[in-house]
Amino acid sequence: MDTRGILPPSPEEYRILGLNLMRLLAENRVAEFHTELELLPPRALDHPCIKYAVELEQSFMEGTYNRLTNGRQAVPHETYLYFMDLLAETIRDEIADCSGQAYDHLPVDDARKMLMFSSEQKLLEYISEIQHEWEVQNHSVLFHMAKVQPRVGIQAHQMIKRSLCYARELERVV
């Protein structure tokens, strides 16, 4: 965007901008995704490469992960497949984080389906390599080690108190 007006637009401009959006989405950097999206000219949103990334982000935010994983067939360019693989890993990690908080345990087959693994072996490899706090016992995945109890310390209370005071002062000014 910095050279707009100096250099002619590249025929690959929107494909590259779409790839950047895909990169941000695959890294779960949603705020930066939206910032970049706002910098694009309105006509860019109609380009298939940009539109594809926007639709994936909407599915990601809605939690309709099956649309994301099925989106592989509709990539606007083959270079997007690399980021689709990264996005699949990001989705898997998001589901895994939520599963660890939502369940005490799951049958191995249910965990395999939920995390979108093609085999039980791949699930077991994932657990041993990435989810060290999970255990597999009696054909169940145990999440008890993944439970994190939220702690509200004194600093959090002070921050809340300061924020409320700031809000009150702001109301007086306005």
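Tell me which of these residue 6 doesn't satisfy, since it passes every other one: (1) β-branched (Val, Ile, Thr); (2) surrounded by fewer than 18 Cβ atoms within 10 Å (Cβ to Cβ); (3) in contact with a helix residue (DSSP H, G or I) (Cβ under 8 Å, 6 or more places away or on another chain).
It fails just one condition, (3).
What about residue 69, is it β-branched (Val, Ile, Thr) and free of Cβ contacts under 8 Å to residues at least 60 places away in the same chain?
yes
Which members of the range 33-52 meet the condition of being in contact with a helix residue (DSSP H, G or I) (Cβ under 7 Å, 6 or more places away or on another chain) and loosely packed, with under 15 Cβ neighbours inside 10 Å?
Of everything in the range 33-52, just one residue is in contact with a helix residue (DSSP H, G or I) (Cβ under 7 Å, 6 or more places away or on another chain) and loosely packed, with under 15 Cβ neighbours inside 10 Å, namely 45.
I'm trying to understand the selection: among the residues of the range 125-163, which are in a helix (DSSP H, G or I), modelled with pLDDT of 85 or more and open to solvent by 60 Å² or more (accessible area, probe 1.4 Å)?
Within the range 125-163, 125, 128, 129 qualify.
Regarding residue 27, is this residue open to solvent by 70 Å² or more (accessible area, probe 1.4 Å), modelled with pLDDT of 90 or more and touching a Ser or Thr at 6+ places or on another chain (Cβ under 8 Å)?
In short, yes.
Just one of 32, 38, 78 is more than 30 Å from residue 117 (Cβ to Cβ) and either free of Cβ contacts under 8 Å to residues at least 12 places away in the same chain or in contact with a strand residue (DSSP E or B) (Cβ under 9 Å, 6 or more places away or on another chain) (or both); which is it?
After ruling out the rest, the residue left standing is 38.
Please go through the range 117-135 and pick out each residue that is touching a helix residue (DSSP H, G or I) at 6+ places or on another chain (Cβ under 6 Å) and of a type in the set (A, V, I, L, M).
Result: 123, single match.
Give me the pairs: first residue in the range 43-65 and under 20 Å from residue 115 (Cβ atoms), second residue surrounded by 20 or more Cβ atoms within 10 Å (Cβ to Cβ) and of a type in the set (Val, Ile, Thr), beta-carbon distance under 8 Å, and six or more apart or on different chains, which are they?
These pairs meet every condition: 60/91; 65/91.
Within 30 Å of residue 130 (Cα to Cα), among the small types (Gly, Ala, Ser) and not in a helix (DSSP H, G or I) - does that describe any residue in the range 30-44? If you could, list the steps in order and put the result at the bottom.
First, pick out the residues of the range 30-44 that are within 30 Å of residue 130 (Cα to Cα): 30-34.
Retained after the next criterion (residues that are among the small types (Gly, Ala, Ser)): 31.
Add one more test, that the residue is not in a helix (DSSP H, G or I), and what stays is none.
No - not one qualifying residue is present in the range 30-44.
The values are calculated or read from the model by the stated rules, or taken from the named source; none is laboratory data. Source: prediction; values computed, not measured. Please note: Cβ atoms are built from the backbone with ideal geometry, for glycine as well, and neighbour counts cover all protein chains shown. Just so you know, the surface numbers come from the protein's heavy atoms only, side chains and all, with ligands and any DNA or RNA stripped out. Shrake-Rupley method; radii C 1.70, N 1.55, O 1.52, S 1.80 Å.
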